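Taking it in order: structure first as structure tokens, then the write-up.
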Amino acid sequence: MRGFLLRFAGPMQSWGEHSAFGVRDTTPFPTRSGMIGMFAAAQGLARGADLSLYESLRFTVRVDRPGTRMVDFHTAGGGVPARGTIPTAEGKRKGVEVSTVVTERGYLADAVFTIAVEAPDDLGESITAALRKPHWQPYLGRRSHVPDPLLLLRPDVADPVAELRTRAPLPPARQKPETVPVDFVHEGETGSGAEQDGRRTRHILNDIPQTFDAQRRSYATRAVTVLPEGLPGVLAHWRDHDQFLDGLYQYAAEAT
């Protein structure tokens, strides 16, 4: 199936999967709900819109750089008049002396992912057109997490998963090995490709969005398999970061 390539890179990104109350988590790679939410926002769909059109999409994530998981300690409220304190479930306001809410928010710092999205032609064209001129600005999991340029790396690829393995540039490697070990996140119980060192991990994620309606938001579960693979070292043979960026922009320009 044809599709397109995305590149998620930026100072911070966060992909919550089971956030609750004051703890906002992040998975170590982009979630299906986060990516579908990005597409729906770019296309201007309302919160309660039907999401069934995205069921045919298939995602394969290449973890170019896993980044560093960090947690921010946040407080909300406190030091404000009573009318500005935190609302309660009963519709009242918390007293000034107990108005501060403490939250912990996880995020990935300096992470980079390249994603192959397999999609029917009409849907793929509609999504990529929207990402070029979005109705609502795309972001990497949270509105404060702005993506680097080249979010849409290639808009029309005959075999996007093969492109991840053979052509899409990797960040510079410190040395120049013949192969570069990279994790792939495949949807389903197993992944294709050459397994490395016999290692694989399986995760069950609650990240298939049924609706983004704020009053009845719900998700279904899916299985993903994280499978290490060895990619050709030439994909990461850049002298420095500037040369890598030149190569990345040239790669993207070849598709225009």
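Details
- Hey, Leu152 in contact with a helix residue (DSSP H, G or I) (Cβ under 9 Å, 6 or more places away or on another chain) and either of a type outside the set (Gly, Ala, Ser) or farther than 27 Å from Ala223 by Cα (or both) or not: yes
- Among the conditions (1) touching a strand residue (DSSP E or B) at 6+ places or on another chain (Cβ under 8 Å); (2) surrounded by 15 or more Cβ atoms within 10 Å (Cβ to Cβ); (3) small (Gly, Ala, Ser), the only one that Ala109 does not satisfy is (2).
- All positions within the range 67-107 that are assigned to a loop (DSSP other than H, G, I, E, B), modelled with pLDDT of 70 or more and more than 28 Å from the chain's Cα centre (by Cα): Thr88, Ala89, Glu90, Gly91, Lys92
- Of the residues making up the range 123-161, just one is among the hydroxyl-bearing types (Ser, Thr, Tyr) and more than 22 Å from Trp15 (Cβ to Cβ), namely Ser126.
- Test result for Gln196, part of a loop (DSSP other than H, G, I, E, B), modelled with pLDDT under 95 and surrounded by 13 or more Cβ atoms within 10 Å (Cβ to Cβ): yes
- Of residues in the range 178-193 being over 19 Å from the mean Cα position of the chain (by Cα) and modelled with pLDDT of 80 or more, the one farthest from Trp15 (Cα to Cα): Glu178
- Checked against the criterion of being part of a strand (DSSP E or B) and closer than 21 Å to Asp240 by Cβ, the candidates Val185, Val180 yield just one match: Val180.
- Search result, residues across the range 21-70 that are closer than 14 Å to Tyr219 by Cα and hydrophobic (A, V, I, L, M, F, W, C): Met35, Ile36, Leu51
- Verdict on Tyr139 being in a loop (DSSP other than H, G, I, E, B) and either buried (at least 19 other Cβ atoms within 10 Å of the Cβ) or not assigned by TED's automatic domain parsing to the domain that holds Pro228 (or both): yes
- Screening Tyr219 against (1) surrounded by 20 or more Cβ atoms within 10 Å (Cβ to Cβ); (2) aromatic (Phe, Trp, Tyr); (3) at pLDDT below 95 leaves a single unmet condition, (1).
- Test: residue in the range 222-243 that is within 23 Å of the chain's Cα centre (by Cα) and of a type in the set (Phe, Trp, Tyr): no
The values are calculated or read from the model by the stated rules, or taken from the named source; none is laboratory data. In this text, all values refer to a predicted model and were calculated from it rather than measured experimentally. Positions of Cβ are backbone-derived with ideal geometry, glycine not excepted, and every protein chain shown enters the neighbour counts.
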